[in-house]
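Written out below as structure tokens is the structure these notes cover.
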Amino acid sequence: MVSPCNFRARARKKPRFYNTGMPNRPFLTAAFYKFVELADFETRKEPLLALCEQRNVKGTILLAREGINSTIAGAPDDVHAVLAYLRSDPLLADLQHKESFAETAPFYRMKVRLKQEIVTMGVPGTDPTLIVGTYVKPEDWNALIADPDVVVVDTRNDYEVAIGTFRGAIDPHIRTFSELPAWTEKAEALRPDANGKKPKVAMFCTGGIRCEKSTAFMRAQGYDEVYHLEGGILKYLETVAPEQSLWDGTCFVFDERVSVDHGLTPGTHKLCRGCRMPLEEGAMESPLFELGVSCPRCHASTSEVQKNRARERQRQWELAKARGKAHIGELMPPKATAPDTA
């Protein structure tokens with residue numbers, strides 16, 4: 001891999017995107033992942049972090065033996081420099097990413113973390129590089145999920161599904177992705193018919209990574225016809241025009257935008273800083289809502305010590321804002337969910 005100290009971004013033709021060409025939105029967000037054997041993943045952390053800090057790129061990059069998973073943001077030239085650096089490695093030469101723009105910074109810190117899995121399912125031996133479902137292009141997705149013989153499963157967490165999903169999709173009501181395997185074993189819609197034939201299954205998630213693992217798991221369980229949305233919901237919203245869309249609502253994302261709509265334009269949802277989940281309709285009018293501290297969903301589950309810590313964080317943020325400075329603390333709570341792009 002080329003050293004970041006001597007690295008110079010190669011000139012290359014940039015792809016067109018549905019929502020590019022927005023001069024008033026200076027922050028470019030790039031979401032990407034790749035399942036690939038990275039035997040030396042631990043040694044990649046420091047040079048990658050150094051390059052991102054040099055380029056003032058913020059976000060989170062997860063590295064594991066099974067690959068890379070990330071969402072980063074910054075000035076377009078800087079983000080593309082990081083992507084070009086990654087692609088200079090033959091193992092990541094075909095790394096694909098999704099782009100969107102925002103008026104304000106989606107992230108406030110840069111983290112490169114070493115993990116056991118780049119997306120945690122917790123089922124040993126689930127390897128998308130060996131077996132995976134059939135990829136379906138966004139432009140072909142509508143026809144697939146309109147088929148009455150196809151069971152459509154939203155593999156995301158319950159709070160993500162609550163603000164948007166595809167029409168007719170099943171919500172497993174899971175709190176974390178690692179709960180999905182157990183749900184599939186009990187789901188009535190996934191049971192074989194009288195002849196023992198298992199149904200066709202179509203799965204989707206935000207950026208595609210959870211579906212890589214979930215369809216690999218389903219194939220290993222004997223489901224022969226398993227499909228997933230290539231590029232995830234983000235690619236669908238980027239590609240498919242609103243008037244042709246079967247998507248209802250908005251798509252939750254794990255950054256300061258909170259949600260995105262068609263064209264990957266930022267949505268209107270707000271985030272509860274206490275539970276890191278999107279605020280439900282009417283939540284801000286509830287007596288249990290406290291800005292930066294809690295909402296009706298999480299008020300009873302946090303201690304007064306935690307609430308006081310959150311109040312101080314909110315106070316510091318407001319002081320920094322009044323001075324016209326960026327808050328040096330982390331706006332997203334410490335236990336913020338890893339990027340799912342992703």
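Assorted remarks:
- Heavy-atom accessible area order for Leu114, Leu234, largest first, 1.4 Å probe: Leu114, Leu234
- You can think of it this way: the chain between Asp89 and Ala189 has 31.7 nm of extra reach, that is 0.36 nm per residue less the Cα-Cα gap.
- Taking Glu312, Glu66 and ordering them by how much accessible surface each has at a 1.4 Å probe, largest first, produces Glu312, Glu66.
- Helices that extend 30 Å or more along their long axis by alpha-carbon positions and average at least -0.5 on the Kyte-Doolittle scale are absent among the DSSP H runs of the chain.
- Where the chain is the region considered: accessible area per residue in Å², 1.4 Å probe: 49 Å²
- For the pair Gln244 and Thr176 in one chain, pulling the backbone fully straight at 0.36 nm per residue adds 21.4 nm over the alpha carbon distance.
- Amide H partners (placed H, <5 Å) of Met110, local residues excluded: Gly59
- Residue ranges 125-133, 198-206 sort as 198-206, 125-133 when ordered by packing (mean number of other C-beta atoms within 10 Å per residue, highest first).
- Exposure rank, largest accessible area first [Arg175, Arg315; 1.4 Å]: Arg175, Arg315
- Length available on full extension from Lys111 to Asp224: 0.36 nm per residue minus the Cα-Cα distance, which gives 36.8 nm.
- Restraint check, Lys111/Lys307; Lys186/Lys235; Lys98/Lys321, Cα-Cα greater than 27 Å: Lys186/Lys235; Lys98/Lys321
- Heavy-atom accessible area for Met110, with the other protein chains in place and a 1.4 Å probe, reaches approximately 30 Å².
- Carbon/sulfur fraction of accessible area - the chain, other protein chains in place, 1.4 Å, %: 51 percent
- Antiparallel DSSP beta bridges within the chain, as percent of all bridges there, nearest 5: 65 percent
- Heavy atoms of Thr176: accessible area, 1.4 Å probe, square angstrom to 10: 60 Å²
The values are calculated or read from the model by the stated rules, or taken from the named source; none is laboratory data. Bear in mind that the values here come from a model prediction, so they are computed numbers and not experimental data. Here the Cβ is made from the backbone with ideal geometry for all residues, glycine too, and neighbour counts use every protein chain on show. Keep in mind that these areas ignore ligands, DNA and RNA; they rest on the heavy atoms of the full protein, side chains included. Shrake-Rupley method; radii C 1.70, N 1.55, O 1.52, S 1.80 Å.
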